[in-house]
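Report on the following structure.
Coordinate-derived values only; no laboratory data. Nothing here was measured: the structure is a model prediction, and the numbers come from that model. So basically every Cβ, Gly included, is an ideal-geometry build from the backbone, and we count neighbours across all protein chains shown.
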């Protein structure tokens, strides 16, 4: 008889999520911007010291709002790492932007800031750094380069909520920051996101864009006697049922982070000798970065090594997975106009990176099985 399957990810309750969902439904008001949406936003604004936080239906939609807020137009160029999820650039391509793919650093796997000067042109409108695995990009240099060329920075912080770079919260250093509350993230409501607005001049228009292009938010604050269509926009408002679940998680964010931190360090220590013996690289965290404990990954010596290890673990009912494929080589990217740096590191890492099961409810027995499974692998 096979042992129980160990999933790559497993969503779990952390606090009063079910109680809050019940309260939301019982209130008779489950559309967006009700009591729990406002609580989520207030908590994010308070903890992160951000000018304005707006919960959205997804991180993808928060990125789409960013493209609208920056008035991205056909032909504008947006720089993004090739090693990221498609939403990081697709949100801008929807507005007609031309993708400009940047290679990543070999240490943190983040956008290589040293390549930015050669990628910037007179058409560059935005840089979208992605804080991979919740480890901060080199934001000082990225923001300095962007400011010198009058380019907006949009932080894709899907992995990095409650991580820091040089003492500053990830998602709060660019003009805009986007968050994900997808089920694979540390803090989740199944599907959801948030837009962090760090420029006060963008707040009012962000509220309009999020509410289908209407000034509905002003109406509910009593600032206008009726609301109407005043700009472009779409429906990016999170249901209060999801916000209720999310608030139950956000209330416990420190407990969640502490559990993930302990699990991350347990992996790092338990696999250290095996990694040295097998020439497998473990994650690198710069001293000036306080990571968000989003994932634990290994960089194997080769594609064949990774493929064999995944298959070995699968036979043991342990689900380990690879991550992004290079966007610059994707079917769609090769069919449209785009520019790219030489993305050799992206292509190499994409073939060799392996993510291990990582979730708050992982038991000691499950953890031991994963470690035994990895260390028993022989190529």
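Values computed for the structure shown
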{"quantity": "Relative pair counts by distance (%), Cα atoms of region 140-212, 10 Å bins", "calculated": "19, 43, 32, 6"}
{"quantity": "Semi-axes of the equivalent ellipsoid for region 81-221, Cα gyration tensor, largest first, Å", "calculated": "25, 19, 15"}
{"quantity": "Rounded Å value of the spacing that divides the Cα centres of region 221-261 and region 111-167", "calculated": "25"}
{"quantity": "Alpha-carbon radius of gyration plus Dmax, which is the widest Cα pair, for the chain in Å", "calculated": "21.2, 71"}
{"quantity": "0 to 90° range, to nearest 10: angle between helix 240-250 axis and the chain longest Cα axis", "calculated": "50"}
{"quantity": "Spin-label proximity, residue 27 to region 235-256 - amide N less than 19 Å from point 7 Å beyond Cα toward beta carbon", "calculated": "236-252"}
{"quantity": "Alpha carbon centroid spacing (whole Å) that separates region 276-331 from region 1-65", "calculated": "28"}
{"quantity": "Relative counts (whole %) of C-alpha pair distances in region 253-375, using bins that are 5 Å wide", "calculated": "2, 10, 17, 20, 18, 14, 9, 6, 3, 0, 0"}
{"quantity": "Estimated Rh, region 169-256: Kirkwood, alpha-carbon pairs, angstrom", "calculated": "14.5"}
{"quantity": "The chain - share of DSSP beta bridges that are antiparallel (%, nearest 5)", "calculated": "55"}
{"quantity": "Calculated SAXS-style log₁₀ I(q)/I(0) at q = 0.17, 0.22 Å⁻¹ - region 316-373, Debye, Cα scatterers", "calculated": "-0.69, -0.87"}
{"quantity": "Relative contact order of region 253-375, defined on C-alpha pairs under 8 angstrom at six or more residues apart (%)", "calculated": "33"}
{"quantity": "Residues 165, 132 arranged by fewest to most Cβ contacts within 10 Å", "calculated": "165, 132"}
{"quantity": "Förster-model FRET efficiency, 56 Å R0, residue 5 and residue 51, C-beta, rounded to 0.05", "calculated": "0.80"}
{"quantity": "Fewest-first ranking of 251, 211, using other Cβ atoms within 10 Å as the exposure measure", "calculated": "251, 211"}
{"quantity": "Whole-Å semi-axes of the ellipsoid equivalent to region 19-154 (Cα gyration tensor, √5λ, descending)", "calculated": "33, 17, 14"}
{"quantity": "Neighbour-count ranking [beta-carbon atoms within 10 angstrom, fewest first] of 299, 336", "calculated": "336, 299"}
{"quantity": "GNM result for the chain, Cα springs below 10 Å: residue of 31, 91, 148 fluctuating most strongly", "calculated": "148"}
